[in-house]
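The values are calculated or read from the model by the stated rules, or taken from the named source; none is laboratory data. Quantities reported herein were computed from a predicted structural model and do not represent experimental measurements. Positions of Cβ are backbone-derived with ideal geometry, glycine not excepted, and every protein chain shown enters the neighbour counts. For the accessible areas, the whole protein counts, side chains as well, though only heavy atoms, and no ligand, DNA or RNA atoms are used. Shrake-Rupley method; radii C 1.70, N 1.55, O 1.52, S 1.80 Å.
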Amino acid sequence: MPVEGFMTLLQNALRSFAEIAEQLPAELREVAKFGHALEPTDETGRTLAVKEFAQYISMFVEDLPIEVFEQFMVHMSKCAAAHRAAAERENRRIILTNLFLLCDHGG
């Protein structure tokens, strides 16, 4: 079963957390680095199955200390909520556009 979303979204969330980690206090900054280098952003639209997702994300976070991992999880939750809100707005826009086109008898 594919995880909703694309590899691009996951990579962007990882990249944005790495930027946030650079702003952490000095004692956390070094230990907040991912255990694997970030790859170029995938633009193929590839999705991941749950097991693939877990393996992929583990490469980056398995060595993070718990306090940094907790911040990472909060960040991922915020990214997911932002993506969900954007998808809902887009769906609403499509529905309203179609409704207005149906109601436009002169057009």
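Remarks
- Between Ala21, Ala32, Ala81, the residue with the greatest mean-square fluctuation in the GNM of the chain (Cα pairs under 10 Å linked by springs) is Ala81.
- On Cα atoms only, tilt of 7-21 relative to the major axis of the chain in degrees: 50
- Residue separation of Lys33 and Ile20 scaled by 0.36 nm, minus their Cα-Cα distance, works out to 3.6 nm of gained length.
- Considering region 48-107 at the alpha-carbon level, its Rg and Dmax are found to be 19.7, 63 Å.
- Cut-off of 10 Å, at most 10 other beta carbons, DSSP loop: longest stretch of the chain lacking such GluC sites (Glu not before Pro): 44-107
- Couplings for region 68-80, taken from phi via the Karplus curve 6.51 cos²θ - 1.76 cosθ + 1.60 with θ = phi - 60°, read 6, 4, 4, 5, 4, 5, 4, 4, 5, 5, 5, 5, 5 Hz in order; Gly and Pro are left as x.
- Sequence of Met7, Met73, Met59 from largest to smallest accessible area, 1.4 Å probe: Met73, Met59, Met7
- Hull volume per residue, based on the alpha-carbon atoms of region 1-73 and their convex hull, is 84 Å³.
- Where trypsin sites (Lys or Arg not before Pro) fall in DSSP loop in region 43-107, at most 14 other Cβ within 10 Å: Arg46
- The helix-based estimate of mean residue ellipticity at 222 nm for the chain, built from -39,500 (n - 2.57) per DSSP H run of four or more residues and divided by its residue count, is -21500 deg cm²/dmol to the nearest 500.
- Exposure rank, largest accessible area first [Cys79, Cys103; 1.4 Å]: Cys103, Cys79
- In the chain, the portion of solvent-accessible area held by carbon and sulfur atoms comes to 60 percent [1.4 Å probe, whole percent, DNA, RNA and ligands not counted].
- Structural descriptor for the chain: relative contact order 32 percent, calculated from alpha carbon pairs under 8 angstrom and at least 6 residues apart.
- Residue order by solvent-accessible surface for His75, His36 is His36, His75, largest first, with ligands and nucleic acids left out and a 1.4 Å probe.
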